[in-house]
Structure formats: C-alpha cells, structure tokens
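Note sheet for the following structure.
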Amino acid sequence: MLNWMPELKGRSLMRMTSFTDEEMLNLIDLAAQLKARRRAGVRGDLLHRKNIALIFEKSSTRTRNSSIIAARDEGGGAEYLTRPDIHFGKKESVKDTARVLGRIYDGILFRGFSQKTCEELAQYSGVPVWNGLTDEYHPTQIFADLLTVKETFGSLKDVTMAYVGDGRNNVANSLMMGCAKAGVRYVCCTPKELWPDEKMLAEAGEVARRNGVDIRVFDDPAKGVKGANVLYTDVWVSMGEEAKTAERIKMLRPYQVNMDLMKATGNLEGKLMFLHCLPAFHDDNTDVTKESGALEVTDEVFESKYSKVFDESENRMHTIKALFVSALADRAAL
Ligand code: CP
Ligand code: NVA
C-alpha cells in the first residue's frame, strides 16, 4: 500500500529550510498516504524497534500525543521526558545529554525555548533531531497546515494565506517560509511592532519569488485579507511571553479573526477556510480566556463551516509520522 518515501533518511529538522521545497512537498504527500493507510485500518511496522525521545520544556497536547501515537502506530516507541524528569541542562549539559540519548534512542524530538538547544542536540546526538517548537520556529506545525490546505482545496496552487496576529512568533516565522516553499502567497496582517524579522522576511521573499508568489505585510487587517483563501491565527501571547500579556491584548485586539474579517476576504461564497495551530482562545472556552478577555478568534468563526482546525490538528499526527518514517524507516520494510 505504501511504495514510496522521500529521501530523508537520517535527516534532522531544525527549521523550514532544513528540507528543500521538493523534500517538504514529498513529506506532505507521504503524510497523506499514511493517513489514507491508517483510515483503511492498517497499522504498519515502519518504525519497528525504533525508539524516539521526546524532550519537552513547554506544554503540549498535539505535538506530544501525535509523536507518541505516530511511533506506536508503526511499531515503534516514544518516551516523554520533561526537564524536571532528567538532568537536562541542569546537572548535565545539553551536549552531554545529547550524547547519552543518542546512544539509546534512534531519534529525538525537542520542544523548548531556545533554538540553540535544538541545534546542539542535533550536533551532538548523532541521531535525527526534530524541532517540535522553539521560541523561533514551529516547522512540524506547518507540514500539517499545508496538508490541510491541500486536502481541503485539492491543491496548493492559487492559494493566498493570510496570517493575522503576532507576525513574528514561531508559527508565523515558519508559516511564512513554508508558504514560500510551497508556492502559496503569504500575507501577514500584524501591527508595526510585530512585523516579521527583516532578515527572515527577505529570506522567505527570495524563496517565494523563486516559486512564483510573493509575501506582503499589512498593518490594516481588513485590507490585508482581501482575496485571501485561508485566514490563520495563533494566540497573541506565546509560551514564555506571559509577562507581555497586557501589552499584547491591547496591540492585537483589532486583529481578532471574526466574521467581519472573514467577510473582508470577499471569499465567503468561494474558496475560504480558517486555520489555527491550537490551542485557541475563542470566547469563554477556558479559564484563561475568561480572565484576560484575549480572544484571537470568535466562536462564530471557530465553530463555522470554514474552520478546519480539527482536521489540521489530526494532521499533526500524520505529518509527524511521515517525518519519523522518512528519517528512520528502512526502505526494505516498505
Ligand atoms: N499546535 C501545537 O503545537 O499544539 P501543542 O502545543 O498542543 O503541541
Ligand atoms: N505560538 C504558540 C504556538 C503554540 C502551539 C506558542 O509558542 O505558544
């Protein structure tokens, strides 16, 4: 049922540019194949006897559970390790931890604060290391996002993605580059203070041009989303930035994704979806929301027919599985 795999054996994922455009698109295709296979009730053994360490410094629902089930579905194992569980960076340096875990495990997925930690793990462990979110990037998220767009619209061609909110967080940084690599037009709607980093913008702009699309940044969301096919948002305050909550709410309130903004795309009757990496604050769905009033999306949009957020979140599992399989599976096992 599965007769093909991208050439990513032994490869780490630090950021979107870790893979070529073609490798990224092939990985997304593999995820679609694995999804269809699982839906047909098939559990394979592509990760038989492969063990993956999950080092998490920050909370996670999707990334953690996707990784565990992705490994288990294919006959492998995953061990969840939080900072207080191991000596990581406290009694034992990142470099030493990398060298120890690299002798025990076949791969490491890291979620944490510093991109440098992720890179150090990759440098010293001798096994593939995958970035499961750092302050700067969230590449595994973007594979799921692109798969969701592709399966909903049938193609990644002629798609405009409008990201609305904090334009320089981990998701926005990776989404901008992911869209550029996939040939998806990217529009970032964000206040001046949160514009994407200039260097990242220039780098992604070059990739976008190579793929026949462009990247634009607007501080007026209603103008920016005109013609968009995907409205994408994320929380206004990322993990680790809690001290900035009040200032962010003030700054980002005009960037809330509500039905008026969906209408401003001009595509309510056409090709339009709403995405969010989740977790999301929408109306009074959590205690935090009730307290802060910081809603990046209204319930009306979150629960609407346009919202594909749960397909997107399911796709985290299929794309993470594709990542593990393409880096660890033996071709002979296909
Ligand atoms: N989208 C995402 O990464 O979710 P978690 O924080 O639950 O892993
Ligand atoms: N930008 C968010 C993404 C969560 C998946 C954060 O870093 O908290």
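The numbers here are math on the coordinates, done by the rules we state, and not lab data. Everything quoted here is computed from the prediction, not taken from an experiment. Note that we place each Cβ from the backbone using ideal geometry, even for glycine, and neighbour counts take in every protein chain shown.
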Of the residues in the stretch 97-114 that are out of contact with any strand residue (DSSP E or B) (no Cβ under 8 Å at 6 or more places or on another chain) and touching a residue at least 24 places away in the same chain (Cβ under 8 Å), the one that is nearest to Ala329 (Cα to Cα) is Arg99
Within the stretch 208-231, how many residues are within 20 Å of Pro139 (Cβ to Cβ), in contact with a Ser or Thr (Cβ under 8 Å, 6 or more places away or on another chain) and not in a strand (DSSP E or B)?
0
Gly240 versus (1) small (Gly, Ala, Ser); (2) in contact with a helix residue (DSSP H, G or I) (Cβ under 6 Å, 6 or more places away or on another chain); (3) within 16 Å of ligand 1 (Cβ to nearest atom): which is the lone unmet condition?
(2)
Of all residues in the stretch 177-195, how many are assigned to a loop (DSSP other than H, G, I, E, B) and within 20 Å of Phe143 (Cβ to Cβ)?
2
Hey, could you check the stretch 59-96 for residues that are free of Cβ contacts under 8 Å to residues at least 60 places away in the same chain and among the hydrophobic types (A, V, I, L, M, F, W, C) and say which is nearest to ligand 1 (Cβ to nearest atom)?
Ile68
Which members of the stretch 109-124 meet the condition of being closer than 16 Å to Gly10 by Cα, in contact with a helix residue (DSSP H, G or I) (Cβ under 9 Å, 6 or more places away or on another chain) and more than 16 Å from ligand 1 (Cβ to nearest atom)?
Leu121, Ala122, Gln123, Tyr124
If a residue has to be more than 16 Å from ligand 2 (Cβ to nearest atom), farther than 17 Å from Asp21 by Cα and either of a type in the set (A, V, I, L, M, F, W, C) or part of a loop (DSSP other than H, G, I, E, B) (or both) to count, how many in the stretch 159-176 make the cut?
2
For the stretch 131-161, how many residues are farther than 23 Å from Glu314 by Cβ and either buried (at least 24 other Cβ atoms within 10 Å of the Cβ) or aromatic (Phe, Trp, Tyr) (or both)?
1
Can you confirm whether Leu261 is within 16 Å of ligand 2 (Cβ to nearest atom), touching a residue at least 12 places away in the same chain (Cβ under 8 Å) and under 25 Å from Val159 (Cα atoms)?
no
Any chance you could count how many residues in the stretch 122-138 are of a type outside the set (S, T, N, Q), away from ligand 2 (no atom under 11 Å from the Cβ) and within 20 Å of Leu47 (Cβ to Cβ)?
6
